[in-house]
Amino acid sequence: MTLQEIAEFIGIDCQDEKEITGLNTLLDSNENQLTFLENKKYISDLKNTKAAAVLVTRENASEVPSGAIALVCDEPYLNLAKISKLFAPNVVEIDGEKPLVGGGTKVMPNVYIGKDSVIGSDCTIMAGAYIGDNVKIGNNTIIYPNVTVYRDCTIGNDCIIHAGTVIGSDGFGFANTKDGKYIKIYQNGNVTIGNDVEIGANTTIDRAVFNSTIIENGVRIDNLVHIGHNCKIGRGSILVAQVGLSGSTVLNAYVVMGGQSAAAGHLEIAAFTTIAARGGVTKSITEPKKSWAGFPLFEHRQWLKLQGKISNLLK
Amino acid sequence: MTLQEIAEFIGIDCQDEKEITGLNTLLDSNENQLTFLENKKYISDLKNTKAAAVLVTRENASEVPSGAIALVCDEPYLNLAKISKLFAPNVVEIDGEKPLVGGGTKVMPNVYIGKDSVIGSDCTIMAGAYIGDNVKIGNNTIIYPNVTVYRDCTIGNDCIIHAGTVIGSDGFGFANTKDGKYIKIYQNGNVTIGNDVEIGANTTIDRAVFNSTIIENGVRIDNLVHIGHNCKIGRGSILVAQVGLSGSTVLNAYVVMGGQSAAAGHLEIAAFTTIAARGGVTKSITEPKKSWAGFPLFEHRQWLKLQGKISNLLK
Amino acid sequence: MTLQEIAEFIGIDCQDEKEITGLNTLLDSNENQLTFLENKKYISDLKNTKAAAVLVTRENASEVPSGAIALVCDEPYLNLAKISKLFAPNVVEIDGEKPLVGGGTKVMPNVYIGKDSVIGSDCTIMAGAYIGDNVKIGNNTIIYPNVTVYRDCTIGNDCIIHAGTVIGSDGFGFANTKDGKYIKIYQNGNVTIGNDVEIGANTTIDRAVFNSTIIENGVRIDNLVHIGHNCKIGRGSILVAQVGLSGSTVLNAYVVMGGQSAAAGHLEIAAFTTIAARGGVTKSITEPKKSWAGFPLFEHRQWLKLQGKISNLLK
């Protein structure tokens, strides 16, 4: 789709016929992608973008670097949302190659496998599982019944995905119009899961808005966990039941999150951090190998001490 | 079913042969419905009921209005529970019309659609979805894989229901017998979902005990959210992941509930209220457009100030 | 499998050809089972074990009772994990008897029922349900759509299991290697559910590592509840939505846990205990019939008083 066509779609004028292949953030865009700046906080990222074009307000248009085209508009984020639909793939493909299934892989009845999908050898795909279009699954992986893997996701070798879990559902993203409508930001990224990952039952892992939600090798995720779009769960991390992670939060290697703990979005948690059950992380944790508890969060020992002080209030 | 038959079923005497069509609350009952009074707190509602008959203790029988028949019994709520079974429809209908599916709607393999159901045009019903009997779905709605829609529910136009979500499961309702058994209150209501609603993955929305659990137009619901029976989620409200709402709670328009926040039952939350992540609402919120946090709940700024005071205890 | 073969599998020497039928805890093992001691805290259990053999460090080997064989190794728990794979049944059986289904039971389309399973009379098994191998279901039980019951589990009479719920997924168990790998402890137990149990939608109940996760008669469980492996939920207990129970916790009869409340693992909660919504139990509760709230947990009245004291900090 050309820039001109995109501009026309949102009712602004641009004669450039450059071909745009997708949307991305300011810093991750390549020279064929379109990006946006809504929040002035990211203006230094704007200066460094390699994007072909930027949706930007008049106020910030002068900061668009010389290699990029400014698409000047009143509501860049809302326009990004509108444009995201243009790049959304079909919910279900009709055309495409029949799925490839490797030797020794058992596919039980009532399984759907989409177009262009590839499943390795010695896997078990159990009854009622849905494997969408263009999904790649490695070798020796077990998909339990009634699991749903949305299109374009990838799962590595030696993984176990328990029943009812959903991989690749849309992240929770939309832009507001002035009259109170929400315009969906199509989640055109995916989920990529490494090797030797076990995921419990009825867990949900949302696909990325751009690029990938990433679950690295060796991760262990329990039941009823929610992982928002664009999170990255580092190697060997452990997420106990009912944990919730908001979008774009990064767990470095070997982070442990106790049951019902949670993290706000856009945070980074240092390697070997432990969050106690019910802990609520609202700021990034930069120092590795420490234990935290509570909401608001304290170092675990401080939290225990604080609870003693609080209970003294009853005396 | 006649009043006489119903009375006989619970072992009390009533010769009236009036036809009863269902059960309802004191205030919502019409002249063909049966209601009950257990808790004296609702005695003014009793005086205003339009019901055909009321299950009521001897003590309160004199307050039954003249147009209604008093069915005097020791345990009105328990008897209501027993009677609810008489009005429960079949779990699955054998008879009935084949479902109607509109033009341009794709129904993938391994989908079940029940009797008398009607699906509009340009929908996508993905593999493994279950659409129960007498379900109505509008146009241009996407039902992702392994979604379950229980019988009698309705979903509007332009909705997206993500994988594994359950619409219309039974509300959590039962009456206790004196010897410690729980008698199910059959949940004979439904769920009605408006237009332009998106619901995440593995969320659960319970059907009403009477009437409808209501999700209004434009609502956005994230993953793993629980909505109890008879809740009403007002237009444009946003429920982030892992929110839990107990039964009969009403959110007015444009309420935002952060991740893992919750509300107790039978509350009303004013329009444009924001509840921060983890907030726990235990009383109705009458003033609109305010922000709240914590459990117990405080105004957000007060809660932040309070956390400062609490952490000072460590000094 | 003989002790000799097992020992060889983990690279230690043992010439005994005694047949071992499975793994178990120190106290629950019978004379044909293998057990382990990692934590010195359980050394008195070691002295009382009836197991055929014990994985044990050199340091504790002398405490192994005379009837049992000591399998001396550096990392007993890690070796147990490795050995657990030897006793894991097939994920799906190819051989075995066709399932038996009793009179009056309706099995809808797209249902899978595994080998050697037995379903009683007058049940309804709805579309998309997965009933694994060797599952036993009683009479008059309803399994709603897209429920998954893993192999070897049992469900009693008059039960209702709502849509999307998962019974018998693997407990969250693994041992660490020194180089940061997690070795799965195969969960070779099951889940047993009594009579007259109702379980809500998208709930997860993990199978036991050894023996059974137990849900006793008359229990009521709401939506999105997590029950860890080897829990026991006593007769008539009520678990409201989004409750989380860590592994091996025992609820005695008629315990009520409010919405989003939780308990840590290996605890026991006395009969007729009530935990308020959001309560977090971290120690066993020995006195019955009391009400508790908060996290950390206080007696409910004390918790309310404490919240008053805390809010006074704002004055």
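For the criterion of being open to solvent by 40 Å² or more (accessible area, probe 1.4 Å) and more than 25 Å from residue A:296 (Cβ to Cβ), residue B:299 fails.
Identify all residues within the stretch B:130-142 that are over 15 Å from residue B:199 (Cα atoms) and of a type in the set (A, V, I, L, M, F, W, C); write none if there are none. Within the stretch B:130-142, B:131, B:135 meet the criteria.
On the stretch given as the stretch C:47-69, residues that are within 18 Å of residue C:79 (Cα to Cα) and of a type in the set (D, E, K, R) total 2. I'd like the full set of residues that are among the aliphatic types (A, V, I, L, M) and under 19 Å from residue A:187 (Cα atoms), limited to the stretch A:11-50. A:20, A:23, A:26, A:27, A:34, A:37 - these are the residues of the stretch A:11-50 that are among the aliphatic types (A, V, I, L, M) and under 19 Å from residue A:187 (Cα atoms).
Within the stretch A:232-246, the set of residues being open to solvent by less than 10 Å² (accessible area, probe 1.4 Å), more than 24 Å from residue B:244 (Cα to Cα) and not in a loop (DSSP other than H, G, I, E, B) comprises just one member, A:233.
Sort out which residues of the stretch B:151-162 are within 14 Å of chain C (Cβ to nearest Cβ) and open to solvent by 10 Å² or more (accessible area, probe 1.4 Å), and write them in order of number. The answer is B:151, and nothing else. Would you check which residues across the stretch A:2-33 are touching an Asp or Glu at 6+ places or on another chain (Cβ under 7 Å) and either of a type in the set (S, T, N, Q) or surrounded by fewer than 17 Cβ atoms within 10 Å (Cβ to Cβ) (or both) and list them? Within the stretch A:2-33, A:2, A:4, A:27, A:32 meet the criteria. Test residue B:215 against the stated conditions and say whether it is touching an Asp or Glu at 6+ places or on another chain (Cβ under 7 Å), more than 13 Å from chain C (Cβ to nearest Cβ) and aliphatic (A, V, I, L, M). No: the conditions fail for residue B:215.
Every condition in (1) buried (at least 22 other Cβ atoms within 10 Å of the Cβ); (2) touching a residue at least 24 places away in the same chain (Cβ under 8 Å) is met by residue B:274 except one, and the failing one is (1). Take the residues in the stretch A:34-44 that are charged (D, E, K, R) and farther than 15 Å from residue A:80 by Cβ, then tell me which one is surrounded by the most Cβ atoms within 10 Å (Cβ to Cβ). Step by step, filter the stretch A:34-44, then rank; the result is A:40.
Quick check, is residue B:234 more than 23 Å from residue C:221 (Cα to Cα) and modelled with pLDDT of 95 or more?
Yes.
The residues of the stretch A:261-292 that are within 14 Å of chain B (Cβ to nearest Cβ) and out of contact with any Ser or Thr (no Cβ under 9 Å at 6 or more places or on another chain), listed by number, are A:261, A:282, A:283. When the stretch B:139-160 is filtered for residues that are farther than 16 Å from residue B:110 by Cβ and either without any contact (Cβ under 8 Å) to a residue 12 or more places away in the chain or not in a strand (DSSP E or B) (or both), the ones remaining, listed by number, are B:139, B:140, B:141, B:150, B:151, B:152, B:153, B:156, B:157, B:158, B:159.
Applying the criterion of being more than 16 Å from residue C:190 (Cα to Cα) and more than 11 Å from every other protein chain (Cβ to nearest Cβ) to the residues of the stretch C:117-137, the residue that is surrounded by the most Cβ atoms within 10 Å (Cβ to Cβ) is C:119. Taking the criterion of being closer than 30 Å to residue B:93 by Cα and surrounded by fewer than 16 Cβ atoms within 10 Å (Cβ to Cβ), the residues of the stretch C:62-116 that qualify are C:98, C:100, C:102, C:103, C:104, C:106, C:109. Entry remark, the stretch B:173-224: residues being touching a helix residue (DSSP H, G or I) at 6+ places or on another chain (Cβ under 9 Å) and within 16 Å of residue B:148 (Cβ to Cβ) number 1 in total.
Taking the criterion of being acidic (Asp, Glu) and more than 21 Å from residue B:132 (Cβ to Cβ), the residues of the stretch C:91-149 that qualify are C:93, C:95, C:97, C:116, C:133.
Exactly one residue among A:311, A:291, A:284 is surrounded by fewer than 20 Cβ atoms within 10 Å (Cβ to Cβ), modelled with pLDDT of 95 or more, outside the structural domain of residue A:143 (by TED's automatic domain parsing) and farther than 20 Å from residue C:171 by Cβ, and that residue is A:311.
Every residue in the stretch B:180-196 that is in a loop (DSSP other than H, G, I, E, B) and more than 10 Å from every other protein chain (Cβ to nearest Cβ), please. Within the stretch B:180-196, B:185, B:186, B:187, B:188, B:189, B:194, B:195 meet the criteria. Can you find a residue that is open to solvent by 30 Å² or more (accessible area, probe 1.4 Å), within 27 Å of residue A:225 (Cα to Cα) and within 14 Å of chain A (Cβ to nearest Cβ) anywhere in the stretch B:219-231? For the stretch B:219-231, residues open to solvent by 30 Å² or more (accessible area, probe 1.4 Å), within 27 Å of residue A:225 (Cα to Cα) and within 14 Å of chain A (Cβ to nearest Cβ): absent. Return a yes/no flag: does the stretch A:51-74 have any residue that is in the same structural domain as residue A:170 (by TED's automatic domain parsing), under 25 Å from the mean Cα position of the chain (by Cα) and not in a loop (DSSP other than H, G, I, E, B). The answer is no, given that none of the residues of the stretch A:51-74 is in the same structural domain as residue A:170 (by TED's automatic domain parsing), under 25 Å from the mean Cα position of the chain (by Cα) and not in a loop (DSSP other than H, G, I, E, B). Every listed requirement among (1) within 12 Å of another protein chain (Cβ to nearest Cβ); (2) surrounded by 24 or more Cβ atoms within 10 Å (Cβ to Cβ) is met by residue B:257 save one, (1). With respect to the stated conditions, residue A:186 is open to solvent by 30 Å² or more (accessible area, probe 1.4 Å), among the hydroxyl-bearing types (Ser, Thr, Tyr), touching a residue at least 40 places away in the same chain (Cβ under 8 Å) and in contact with a Ser or Thr (Cβ under 6 Å, 6 or more places away or on another chain).
As a summary of the residue check, residue A:86 satisfies the conditions (1) of a type in the set (A, V, I, L, M, F, W, C); (2) closer than 21 Å to residue A:31 by Cα; (3) touching a strand residue (DSSP E or B) at 6+ places or on another chain (Cβ under 8 Å) except for the one numbered (3).
The values are calculated or read from the model by the stated rules, or taken from the named source; none is laboratory data. These numbers come from a predicted model, not from an experiment. For neighbour counting, all protein chains shown are included, and Cβ atoms are generated from backbone atoms with ideal geometry for every residue, glycine included. What goes into the accessible areas is simple: the full protein's heavy atoms, side chains included, and nothing from ligands, DNA or RNA. Shrake-Rupley method; radii C 1.70, N 1.55, O 1.52, S 1.80 Å.
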